[in-house]
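One structure is given here, and the rest of the page talks about it.
The values are calculated or read from the model by the stated rules, or taken from the named source; none is laboratory data. This structure is a prediction, so every number in the text was calculated from the model and none was measured. Don't worry about glycine lacking a Cβ; one is built from the backbone with ideal geometry, like all the others, and counts go over all protein chains shown. These area figures cover heavy atoms from the full protein model, side chains too; ligands, DNA and RNA do not enter into them. Shrake-Rupley method; radii C 1.70, N 1.55, O 1.52, S 1.80 Å.
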Amino acid sequence: MADTVSPEVRSRMMASIRGRDTKPEMIIRKALHATGFRYRLHDRKLPGRPDLVFPGRMAVLFIHGCFWHGHGCHLFRLPGTRTEFWREKITGNVERDAAAARQLHSAGWRVGIVWECALKGREKRDMHDLTAALAAWLRSGDSTLELRGAA
């Protein structure tokens, strides 16, 4: 299927997508802050530059967009144009995510991932339950957490 906008417009649209302070990230930050958790943002010293860092709890959170990180949910669909480019781009993102998680685990950090589909779309979870799950994980000693849509 052909793209509905010109290559210049599509390029401008894709370039405007931010890598930090995204809406899903802000929702999680606000909920955790209201629950009493304090964190650092985007620590460049850590592999993968986690979205939220809880140094006292040796825990990090990544808030992943389902498209950009290749999640197999209803929010991910490989574009019909330049398919090979997008496949390589997203595969590279997934590989970097896995490498960062391995490095963090080997350094003693606990790693949590919240997928965008847990926050929006038809599989969206209840925000109170999502916040409670995050708080329980942060208080626990569990090494990993992955929160995805409710389906």
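Annotations
- Candidate set from segment 30-58 (those that are within 21 Å of Met127 (Cα to Cα) and of a type in the set (Gly, Ala, Ser)); member that is most open to solvent (accessible area, probe 1.4 Å): Ala34
- Neighbours by Cβ (under 8 Å, 6+ apart or cross-chain): first from segment 70-81, charged (D, E, K, R); second open to solvent by 30 Å² or more (accessible area, probe 1.4 Å): Arg77/Phe67
- Any hit, segment 37-53, residues being among the hydroxyl-bearing types (Ser, Thr, Tyr) and modelled with pLDDT of 95 or more: yes
- Some residue of segment 127-137 being in a strand (DSSP E or B) and open to solvent by 20 Å² or more (accessible area, probe 1.4 Å): no
- Checking Arg12, Arg96, Arg77, Arg20 one by one, the residue that is more than 23 Å from Asp129 (Cα to Cα), exposed (fewer than 13 other Cβ atoms within 10 Å of the Cβ), charged (D, E, K, R) and under 16 Å from the mean Cα position of the chain (by Cα) is Arg20 and no other.
- Some residue of segment 84-94 being of a type in the set (Lys, Arg) and touching a residue at least 24 places away in the same chain (Cβ under 8 Å): no
- Within segment 100-126, the set of residues being of a type outside the set (D, E, K, R), more than 20 Å from Pro55 (Cα to Cα) and part of a helix (DSSP H, G or I) comprises Cys117, Ala118.
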